[in-house]
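S.K.: Sharing a structure with you now.
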Amino acid sequence: MTVEGQRYLEECRKVLKEEQMDAVSMGLDFGLPVSDIQKVVKSNQEAPVMKAIIIGLMEGIGEIDFLCEGNYNQFQVREIVEGLKNGLDMEEVKTYAGNELPASRMRTMRIQLEESKAKEEVPKDEEMRSYMKNLMGIMEQSIQQFRESNDRFTALSSLVKEHVVEEKNQEIKDLYENLHYKDKNIQELKEKLAKKEQEIQDLKKEAEKHREKTETASGETKVVLEEKSIQTAEGLQKSKRRLLGIAMLGKKVPKSVVEKILEYNLSAEQLEEIRQCVESGLADAEILQVMENSPSPERMKKMREIILLMRKRKAGV
């Protein structure tokens, strides 16, 4: 690649896509003139078309302006290049090089021209005119078929677009109605919330009033309960003394033991066990040992039985 080619390649990197750069690089590497590459780039063709034109130039085709100015696709360019490469002149190529013709039709017409020319039969003027007339008729027929197909495609596309637009409009309408319905629900919920908040405020005020009344009444009730509690405690102590007196009826129990019994705050079942201890003849110290730490009635019973057994064993010894 020449220095000029390298410079132009660097300029092209700033504006061309990667596929287009591949075609330009291929032409410069082959040694095509920079001026020809510039014409191809300025034609602003797609990458496949640029590549097809550059390959034609590499094949020695000189009709670069015709290829760049025509609105051909890559396959049509190949048919034009093939015709020029196979010996057809520019006028003959133009008879089938219509950008509205598909490449397959151009190929058929090109081969017919090449076969006719290969016979080296020079038809008379009238025969040539007739031949050209038939050829133009075929080309016009092909163009007409292409146009009809294009019109049908356009009409079908319009119908599809209208259908899609109707569906989208209906979707937008449904979304708008749904949004309106939700807005209405939100407004109703806001109203209900405001109503509930007002009810809560009213209940708080009533609760505050009730609390103040309750505190006043509670102070009075507390005094009464304290007095009753004192009376109840005193009554309970008297009841225990009375119950203990009944339990110890006829028994000589020291006053210190009685006070200890009252101090432990024993239940009726525990007092019954103490009575059994007294009747069994346990000593004061043994009775105090039985009720030490205020055990359960069952434990007190077991302890009493153990002490009696120990006495019997000592007596037996």
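Values in this text are rule-based calculations from the coordinates and carry no lab data. Because the structure is a prediction, the values reported are computed rather than measured. Quick reminder, even Gly has a Cβ in these numbers, built from the backbone with ideal geometry, and neighbours come from all protein chains shown.
S.K.: Distance between Cα centroids, region 254-286 to region 175-209: provide it in whole Å.
M.R.: 71 Å
S.K.: Would you please classify the overall shape of region 3-121 from the alpha carbon gyration tensor, given that a ≥ b ≥ c denote the square roots of the eigenvalues, rounded means a/c under 1.5, and beyond that prolate means a/b larger than b/c while oblate covers the rest?
M.R.: prolate
S.K.: When ranked by the protection proxy of mean other Cβ atoms within 10 Å per residue, highest first, what sequence do the peptides 143-155, 44-56, 261-273 form?
M.R.: Ranked from most to least packed, the peptides come out as 44-56, 261-273, 143-155.
S.K.: Determine the distance separating the Cα centre of region 137-171 from the Cα centre of region 45-103; give it in Å without decimals.
M.R.: Taking the Cα centre of each part, region 137-171 and region 45-103 sit 29 Å apart.
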